[in-house]
Amino acid sequence: MSSWFFLSVVVISIFSILLSIYVHKPDFPPLEIEPDDYWRLDDPEKDDDQVYSFSIDVKEEEIQKFKNHLKSEKFVPTLHDTTYDTYLNELKQVLLGFDWKQHQHFLNTFKQYKTEIEGLKIHFLRVSTPPKDKKTRVVPLLILHGFPGSFWDFFKVIPIFTNPTRHGFDFGVEEPIQFDVIVPSLPGFMFSDKPSKPGFDAIATARILGKLMNRLDLHQYFVHGTEGYGSDLATLLASLYPMRVAGLHVSNPRWEKMRRRKEERRRIHIRIWRIISSRTTTAFSNSPSGTAKYIESRWHQLSTFSASTNLNELFTLDEISTEIYLYWLTQTLPSALTILDNSYNYETVWLSSQARVPTAVSYSKHTPWRCSRDILEDRYLNLTRVSELPKGGMFHHLQDGHKIAEDIFAFVELELLNKK
């Protein structure tokens, strides 16, 4: 009798311990970061805090150099998948015949600017539409791209955000709402400067983004992050500046319960990103076909579960080509990979950052990962909603812009009502 009693006590105790471990939600102290840095190699000097208009203007000889170099290279055929080989050859022909000037003109229809922060000139879009109704509330929205993505990935949703009624949306119960949209090129990506001092990572990026919003005199704003790195950056930004971020919306986030031990921090890089070492990125600076094939393969990995589905079934060849041209012409694939390597392979304590602001999460149908609500609630301590989007992968803004726009509008609308 006593032995059975003792055994019951032991079993109940073990069960209670396991249950408490399962139920317990980690609550890490907020990350403390340096307030400033300088990312050029010369002596630090005061930033030029003016905001200047910017237009993309790539010289024709750079376009021809890309095409001539690409023409002399070849995509190695698989020899066993003729459909893929045919598609890849079609992509090459589109790249060779690509009218960059026409696309450049389209990109320049979005208002663009540059301003200097921590020694780097940061490129960003800022797009808004004068409200037709005096009662309309204009809400600042910071959108963060990921990798291998760019500001261009949002060209379908920006018009919806800035002029929703024109696109059939009517959001706002007590007052109509529309967005003042800010989309930066992350430092080291696209038309933002590349850091020349080593060690630049996600923490430096988030701090610069926070300073950018201050520079624009925007002290209360919503943030949307996507495409992997953009989701992680948005989460970090909300964690660092909870008094400024009114709400956080992230697409397809991934998070594993982390303890702040060095060996675990170093493994996260392998689990989340299989990033090519910065020592090998020189190849991308010298090979258009290498750049094109790498971006194409990453987009495929992040857009579909099916190995037999080619990207031209999910995106237009024009859309894929635009991304490839942007990375090649700005020569930022190597710098982007180096920043990701620094962020996910070295000082990774930032990945345990938790957001305490109101948060919404959306998962698209073909995202390569997803977390349960229990795990999401460990990272997002004020998680208000989790949505399932019916289409797309990590680049769903290009595939189903109306659905993601609708999800962001609905979240912001609810948060604005709650604050009243």
Using amide H atoms built in the peptide plane, which far-off residues or other-chain residues are under 5 Å from Leu314 H to H? none
Given +1 on the Cβ of Lys and Arg, -1 on the Cβ of Asp and Glu, and no further charges, what dipole in debye does region 56-419 carry about its Cα centre, rounded to the nearest 20? 980
Which residue fluctuates most in the GNM of the chain (Cα springs below 10 Å): Gly393, Gly149, Gly199? Gly199
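Round to a whole number: what % of the accessible area of the chain belongs to carbon and sulfur, probe 1.4 Å? Could the numbers behind the result be given before it?
On the way: 10700 of 19310 Å².
Roughly 55 percent, rounded to a whole number.
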Determine the distance separating the Cα centre of region 42-116 from the Cα centre of region 145-176; give it in Å without decimals. 24
Give the Cα extents of region 306-397 along the principal axes, in whole Å, largest first. 40, 35, 24
Sequence-distant residues sharing a close amide H with Ser185 (under 5 Å, placed H): His123, Phe124, Leu125
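Would you tally the net charge around Phe54, using a Cβ to Cβ cut-off of less than 13 Å, leaving Phe54 out, and scoring K and R as +1, D and E as -1?
Details: positive: Lys111, Lys114, Lys121, Arg126; negative: Asp57, Glu116, Asp193.
Within the 13 Å Cβ shell, the charges total +1.
Given a cut-off of under 8 Å on Cα pairs at least six residues apart, what relative contact order in percent is computed for the chain?
Numbers: 684 pairs, mean separation 78.9, N = 420.
Averaging sequence separation for qualifying contacts and normalising by length gives 19 percent for the chain.
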Given DSSP loops and a limit of at most 10 other Cβ atoms within 10 Å, what is the longest stretch of the chain that contains no such GluC sites (Glu not before Pro)? 46-420
GNM, the chain, Cα, under 10 Å: largest mean-square fluctuation among Thr136, Thr162, Thr78? Thr78
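Can you give the accessible area per residue of the chain, in Å², using a 1.4 Å probe?
Details: 19310 Å² over 420 residues.
Per residue, the chain has 46 Å² of solvent-accessible surface.
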For the chain, built as a Gaussian network whose Cα springs stay under 10 Å, the top-fluctuating residue of Thr330, Thr282, Thr384: Thr282
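For region 181-227, what is the Kirkwood estimate of the hydrodynamic radius, computed as the reciprocal of the mean inverse distance between distinct Cα atoms, to one decimal in Å? If you can, show how the numbers build up before the last one.
Details: mean 1/r = 0.0843 Å⁻¹.
For region 181-227, the Kirkwood estimate is 11.9 Å.
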Along region 206-217, what does the Karplus equation 6.51 cos²θ - 1.76 cosθ + 1.60 (θ = phi - 60°) give for ³J(HN,Hα), rounded to whole Hz, x for Gly and Pro? 4, 5, 5, 5, x, 5, 4, 5, 5, 4, 7, 6
Whole Å is fine, so just give me how far the alpha carbon centre of region 186-219 lies from that of region 333-376. 17
Multiplying the sequence separation of Thr82 and Lys197 by 0.36 nm and subtracting their Cα-Cα distance, what value in nm do you get? 36.9 nm
Let's test the formula: R0 of 41 Å, r as the Cβ-Cβ distance of His219 and Asn89. What FRET efficiency results, to the nearest 0.05? 0.20
Divide by every residue of the chain the summed helix terms, -39500 (n - 2.57) for each DSSP H run of at least 4, and state the resulting mean residue ellipticity at 222 nm, rounded to the nearest 500 deg cm²/dmol. -13000 deg cm²/dmol
Kindly write out, for region 408-414 in residue order, the coupling ³J(HN,Hα) from the Karplus curve 6.51 cos²θ - 1.76 cosθ + 1.60 (θ = phi - 60°), rounded to whole Hz, with x marking Gly and Pro. 5, 4, 5, 5, 5, 4, 5
Using θ = phi - 60° and the Karplus curve 6.51 cos²θ - 1.76 cosθ + 1.60, what whole-Hz ³J(HN,Hα) does each residue of region 73-84 get, with Gly and Pro shown as x? 9, 9, 7, 6, x, 6, 6, 10, 10, 5, 5, 5
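The values are calculated or read from the model by the stated rules, or taken from the named source; none is laboratory data. Remember, predicted model here, so these are calculated numbers, not experimental data. Here Cβ is always computed from backbone atoms with ideal geometry, including for glycine, and neighbour counts include all displayed protein chains. Heavy atoms of the whole protein, side chains included, go into the accessibility calculation; ligands, DNA and RNA do not. Shrake-Rupley method; radii C 1.70, N 1.55, O 1.52, S 1.80 Å.
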